Amino acid sequence: MNAHTKDTQNQMTPISALAALKEGNTRFVNGAQVQRDLMKQVEQTSTGQYPFATVLSCIDSRVSSEHIFDQGMGDIFSVRIAGNFVNEDILGSMEFACKLAGTKLVVVLGHTACGAVKGACDHARLGNLTALINKIEPAVEAVTEPQDESQRTSANIDFVNEVAKKSVLMTIDNIRSSSEVLKDMEDAGAIQIIGGMYDIKTGHVNFF
């Protein structure tokens, strides 16, 4: 399979970009990944890159966007930070990816059993990690059930996963409210901003 070119990127739409990721995840789950000559793709992308999607995901070692969506060299921009939230630098990177480099889709990808979310549920405090945890804690407060404080900890995996999903949704809202560039592009239909949750047990991504 060849790397994307300017022409093939231009042919992509937000809808077809999402379809490509869904198809790639299905291949990944079924063990039917496309056979790629990655070094050939290195050569093909040496003079330019034309990715079709931007994925913001966690640093978790089990959640590599290129693998779980079965993509090759030059196919996606992969932005990774514990807890998959946005700040000014990440928003700037996304604006570059969409407005200047031409990606059609922005995916905020959370995952089950997220360590950063568990830390937020437990209100962990440790060095510079504290500031990162603080950025995720609003999602903890936004999930109202269960009300029993003893059940609102990392020991309750269902609660952790609900917080992770809520964090994805809040991050999408934050992207739209904090980036006029991306909001305008989405309103014009040039891009789509969506969320997803990766299940670390099954390999499946549920988009929403």
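None of the figures in this text is laboratory data; all of them are computed from the coordinates on show. Computed from a predicted structure; not experimentally measured. Here the Cβ positions follow ideal geometry from the backbone for every residue, glycine too, while neighbour counts run over all protein chains shown.
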Region 39-45 - phi-based ³J(HN,Hα) in whole Hz, Karplus 6.51/-1.76/1.60, Gly and Pro as x: 5, 5, 5, 4, 5, 5, 9
Nitroxide proxy distance, nm - points 7 Å out along Cα→Cβ at Ala190 and Gln11: 2.3 nm
17 Å reach of a label modelled at Leu38, 7 Å along Cα-to-Cβ, counting backbone N of region 2-22: 2-4
Hits among aspartates and glutamates - C-alpha to C-alpha of Lys22 under 16 Å, sequence gap 8 or more where chains match: Glu66, Asp70, Asp75, Asp199
Rg and Dmax [Cα atoms of region 39-151; Å; Rg one decimal, Dmax integer]: 16.9, 57
Within region 154-182, backbone nitrogen closer than 20 Å to the virtual label 7 Å beyond the Cα of Ala124 toward Cβ: 154-168
Beta bridge orientation in the chain: antiparallel %, DSSP, nearest 5: 15 percent
Ile157-Val29 pseudo-label distance in nm [points 7 Å out on the Cα-to-Cβ vector]: 1.8 nm
Residues with amide H under 5 Å from that of Val79, placed H, sequence gap 5 or more: Val55, Leu56, Ser57
Cβ-based net charge around Lys183, under 15 Å, with every Lys or Arg adding one and every Asp or Glu removing one: -4
Zero-based 5 Å bins, Cα pair distances in the chain, whole percents: 1, 8, 15, 19, 19, 16, 11, 7, 4, 1, 0, 0
Centre separation in Å (Cα based) which lies between region 163-182 and region 1-21: 24 Å
